[in-house]
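*Asks:* This is the structure I have questions about; it appears just below.
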Amino acid sequence: MFGRQRIELKSDAQIVAMRAAGLVVARTLEHLARILRPGMTTGALDEAARAFIASQGARPSFPEVPGYRHVLCVSVGPAVVHGIPGDQVIRPGEIVSIDCGAIVDGWHGDAAVSLIAGGEDAAPGEAVTLVRDTEAALGAGIAAMRPGNRVGDIGAAVQAHLEAAGERAGVRYGIVEDYEGHGIGREMHMDPGVPNVRLRHRGPGPKLAAGATLAIEPMVTLGSPQTVEQADGWTAMTADGSLAAHSEHTVAITPGGLWVLTALDGGEALLAKAGAPFAPLG
């Protein structure tokens, strides 16, 4: 329950240290976006990420989660999150959601991106729109991460954006509630949970302040928001088989505004589009 959750606030120096981990994640996802192609396996992406993270002098976060040994989660098509890399062959036009974490000097960065194998021209229009609207909903959630707001305001902003976007697109997006964002720092998963919907029963959540670092990650479907965990104990699929997309960034509130620690540009372009203050440190 939110009433028992707190946000651990970081110093400016600690946020700068987290940026180093965030940049490794950003560069890794950029590298994977360059090499992704139809015919690859999800396991090949995982191997590429493992080598790239090592080349950056970092180590991956996900193998430190008990029971998980892979560097990435790779979720394809109707897989929402926590897809285990392996022999699955990626087909043209499929949505491939890649979730990546890295550690530098004990600090974590965590981000996810949804890509379309073979480019947007290879996919149906509704899949392209889903990916774009999920990314834009992440931006709306990040813009709501301001001092004085509550954690619940992030989810409200994500939901409001997706409701409006769905109306424009003529669809009703499913916003996954079974999984949500989280605090992050010297552990990958920390309090508080960060919802992607308006809160009905949990209260508004902890108040946001400078020094807060959160991983915000909307997961959106073209159908039901319900998910079903697979027999592997990890992969979450849409209950109705509809397509899903997942976008995530690690974000810090600095004394002057926001800094997207897992964006190559620190979130400058994203924040400008969302009308939120860009305020990097260092």
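The values are calculated or read from the model by the stated rules, or taken from the named source; none is laboratory data. What you see is a predicted model; the values in this text were computed from it and never measured. For neighbour counting, all protein chains shown are included, and Cβ atoms are generated from backbone atoms with ideal geometry for every residue, glycine included. Side chains included, ligands, DNA and RNA excluded: accessible areas come from the protein's heavy atoms. Shrake-Rupley method; radii C 1.70, N 1.55, O 1.52, S 1.80 Å.
*Asks:* Can you name every residue in region 263-282 that is closer than 21 Å to His161 by Cα, in contact with a helix residue (DSSP H, G or I) (Cβ under 8 Å, 6 or more places away or on another chain) and open to solvent by 20 Å² or more (accessible area, probe 1.4 Å)?
*Replies:* If the condition is that a residue be closer than 21 Å to His161 by Cα, in contact with a helix residue (DSSP H, G or I) (Cβ under 8 Å, 6 or more places away or on another chain) and open to solvent by 20 Å² or more (accessible area, probe 1.4 Å), then Leu270, Lys273, Ala274, Gly275, Pro277, Phe278 are the ones that fit.
*Asks:* When region 239-257 is examined, which residues are found to be open to solvent by 10 Å² or more (accessible area, probe 1.4 Å) and of a type in the set (S, T, N, Q)?
*Replies:* Ser242
*Asks:* Just one of Lys273, Lys207 is of a type in the set (Lys, Arg) and out of contact with any strand residue (DSSP E or B) (no Cβ under 8 Å at 6 or more places or on another chain); which is it?
*Replies:* Lys273 is the lone residue from the list that is of a type in the set (Lys, Arg) and out of contact with any strand residue (DSSP E or B) (no Cβ under 8 Å at 6 or more places or on another chain).
*Asks:* Moving on to the next point. Select from region 111-143 the residues that are of a type outside the set (A, V, I, L, M) and over 25 Å from Gly275 (Cβ atoms) and write down the one among them that is most open to solvent (accessible area, probe 1.4 Å).
*Replies:* Going through the qualifying residues, I end up with Asp121.
*Asks:* Assuming Val197 fulfils every condition listed in (1) in contact with a helix residue (DSSP H, G or I) (Cβ under 6 Å, 6 or more places away or on another chain); (2) open to solvent by less than 10 Å² (accessible area, probe 1.4 Å) apart from one, which condition is it?
*Replies:* Just one mismatch for Val197, condition (2).
*Asks:* Just to check your reading of the model, which residue among Val260, Val228 is β-branched (Val, Ile, Thr) and open to solvent by less than 40 Å² (accessible area, probe 1.4 Å)?
*Replies:* From the options Val260, Val228, the qualifying one is Val260.
*Asks:* Return the only residue of Pro92, Pro85 being within 20 Å of Ser247 (Cβ to Cβ), in contact with a Gly (Cβ under 9 Å, 6 or more places away or on another chain) and not small (Gly, Ala, Ser).
*Replies:* Residue meeting the stated conditions: Pro85.
*Asks:* May I pose another question? Limited to region 160-194, what total is found for residues that are open to solvent by 30 Å² or more (accessible area, probe 1.4 Å) and more than 24 Å from Gly101 (Cβ to Cβ)?
*Replies:* 10
*Asks:* Out of (1) of a type in the set (A, V, I, L, M, F, W, C); (2) closer than 16 Å to Val176 by Cα; (3) assigned to a strand (DSSP E or B), the odd one out for Ala137 is which?
*Replies:* (3)
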